[in-house]
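Heads up: the structure comes next, in structure tokens.
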Amino acid sequence: MKRKDQYFFGSCTAFTTANIITIIMHFMDKQSTINVNSEIFLILIIILINIILYFMEDLRIKSQVIHITFEFIITSIITFLIGIPLKVIEIASIYDLVESTLIIALVYGITILSIYISTQNDAEDINKKLLEK
């Protein structure tokens, strides 16, 4: 999968996952509103995160664990720095902070897993085509 396609796929996956989690939380009465402004800010946050992560790839971090940890920290910082002032995320207690961090971790994890599975499927397809030739 091309690098730009990978980040586009990641953005779509993250946005969809975040919306599904928000809808589930809304039905559980953990989220007070679902509105257009929240959705617009959510997609803008995700696009900004992916732009930063795209350019971060040039750092060539060797350790996959350090790379993933660094990406998660950047993702969390951006989400909180933009989400709190825009009222997309409300932190009134330590519980809210933990809940938001777990949601960010869940969205990040599902996105990374989806990209990994997609990349593996692409690699298998390429290998099958090479074996056929």
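Do the conditions hold for SER118, that is, is it at pLDDT below 90, surrounded by 15 or more Cβ atoms within 10 Å (Cβ to Cβ) and out of contact with any strand residue (DSSP E or B) (no Cβ under 8 Å at 6 or more places or on another chain)?
Yes.
Listed here are the residues, each with its yes/no results for (1) within 18 Å of LEU44 (Cα to Cα); (2) not polar (S, T, N, Q).
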position	(1), (2)
ARG60	no, yes
SER63	no, no
PHE72	yes, yes
ILE91	no, yes
ASP96	no, yes
GLU99	no, yes
ILE115	no, yes
ASP122	no, yes
ASP125	no, yes
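Scan segment 83-96 for residues that are surrounded by 14 or more Cβ atoms within 10 Å (Cβ to Cβ) and part of a helix (DSSP H, G or I) and jot them down.
GLY83 - this is the single residue of segment 83-96 that is surrounded by 14 or more Cβ atoms within 10 Å (Cβ to Cβ) and part of a helix (DSSP H, G or I).
(1) without any contact (Cβ under 8 Å) to a residue 40 or more places away in the chain; (2) in contact with a Ser or Thr (Cβ under 7 Å, 6 or more places away or on another chain): which one isn't true of ILE94, the others all being true?
Evaluating ILE94 over (1) without any contact (Cβ under 8 Å) to a residue 40 or more places away in the chain; (2) in contact with a Ser or Thr (Cβ under 7 Å, 6 or more places away or on another chain) leaves (2) as the failure.
Residue check: is GLU99 under 19 Å from the mean Cα position of the chain (by Cα), assigned to a helix (DSSP H, G or I) and more than 17 Å from PHE15 (Cα to Cα)?
Against the criterion (under 19 Å from the mean Cα position of the chain (by Cα), assigned to a helix (DSSP H, G or I) and more than 17 Å from PHE15 (Cα to Cα)), GLU99 qualifies.
Against the condition in contact with a helix residue (DSSP H, G or I) (Cβ under 8 Å, 6 or more places away or on another chain), of a type in the set (S, T, N, Q), under 16 Å from ILE49 (Cβ atoms) and surrounded by 11 or more Cβ atoms within 10 Å (Cβ to Cβ), how does THR101 come out, does it pass?
Criteria met by THR101.
Looking only at residues that are surrounded by 13 or more Cβ atoms within 10 Å (Cβ to Cβ) and hydroxyl-bearing (Ser, Thr, Tyr) in segment 1-41, which one is modelled with the lowest pLDDT?
My answer is SER38.
Within segment 42-56, restricting attention to residues that are more than 18 Å from LYS2 (Cβ to Cβ) and in contact (Cβ under 8 Å) with a residue 40 or more places away in the chain, which residue is surrounded by the most Cβ atoms within 10 Å (Cβ to Cβ)?
ILE45
Can you name the residue in segment 57-82 that is surrounded by 13 or more Cβ atoms within 10 Å (Cβ to Cβ) and at pLDDT below 85 and, of all such residues, is nearest to the chain's Cα centre (by Cα)?
GLU57
The values are calculated or read from the model by the stated rules, or taken from the named source; none is laboratory data. Model, not experiment: these values are computed from the prediction. Ideal geometry is used to build each Cβ from the backbone, glycine not excepted, and the neighbour counts take in all protein chains shown.
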